[in-house]
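Below is one structure, written out as structure tokens; the observations come after it.
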Amino acid sequence: MDALSILRQQYKECNEWLEATMAGVKPEQAHWEPAGSANPLGATYAHAIMTQDYVANSAIKGGAPLATTTW
């Protein structure tokens, strides 16, 4: 298996895990702000997606993240 195939598989598995984790989460739960220094679940989810966008499109492809262009 080449490096690109491995990376694609890792992204696929991470996304499946992330979506399974978020399954059934209602908007009010995603935006609820816990006490202390913890982040809302929705903010953490957005961070994970934005990180994937940055890594795939900037670090690997050498382009701009979708979040700053067409997204």
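Every number in this text was worked out from the coordinates using simple rules, so none of it is lab data. Keep in mind that what you see is a predicted model, and the values were worked out from it rather than measured. Here the Cβ is made from the backbone with ideal geometry for all residues, glycine too, and neighbour counts use every protein chain on show.
Explain nothing, just the number: dipole magnitude of the chain about its Cα centre with +1 on each Lys and Arg Cβ and -1 on each Asp and Glu Cβ, in debye rounded to the nearest 20.
Charge dipole of the chain: 140 debye, to the nearest 20.
Just to confirm the filter: which chymotrypsin sites (Phe, Trp or Tyr not before Pro) across region 1-58 are DSSP coil and have at most 15 other Cβ within 10 angstrom of their Cβ? The partial results should precede the final answer.
Working: sites: Tyr11, Trp17, Trp32, Tyr45, Tyr54; in loops: Trp32.
Those that pass, being in a loop and sparsely packed, are Trp32.
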How far, in nm, would the chain grow between Ala38 and Met50 when pulled straight, counting 0.36 nm per residue and subtracting the alpha carbon separation? 2.4 nm
Calculate one ³J(HN,Hα) per residue across region 47-56 by plugging θ = phi - 60° into the Karplus curve 6.51 cos²θ - 1.76 cosθ + 1.60, and present them in order as whole Hz with x for glycine and proline. 4, 5, 5, 5, 5, 4, 4, 5, 5, 5
In degrees, nearest ten, helix 3-22 long axis to first principal axis of the chain (Cα): 10 degrees
Dipole of the chain, positive end: most advanced residue of Val25, Leu4, His47 [Cβ charges, Cα centre]: Leu4
Treat each spin label as a single point 7 Å out from the Cα along the C-beta direction, and report the Val25 to Lys61 distance in nm. 2.5 nm
For region 37-43, just list the computed ³J(HN,Hα) in residue order, Karplus coefficients 6.51, -1.76 and 1.60, θ = phi - 60°, integers in Hz, with x standing in for Gly and Pro. 9, 6, 8, x, 4, x, 5
Which of (1) 0.94; (2) 1.00; (3) 1.05 is the computed Rg/Rh (Cα atoms, Kirkwood Rh)? It is (3)
Scalar couplings 3J(HN,Hα) for region 24-32 by Karplus 6.51 cos²θ - 1.76 cosθ + 1.60 (θ = phi - 60°), nearest whole Hz, x for Gly and Pro, are x, 6, 7, x, 5, 6, 5, 9, 4
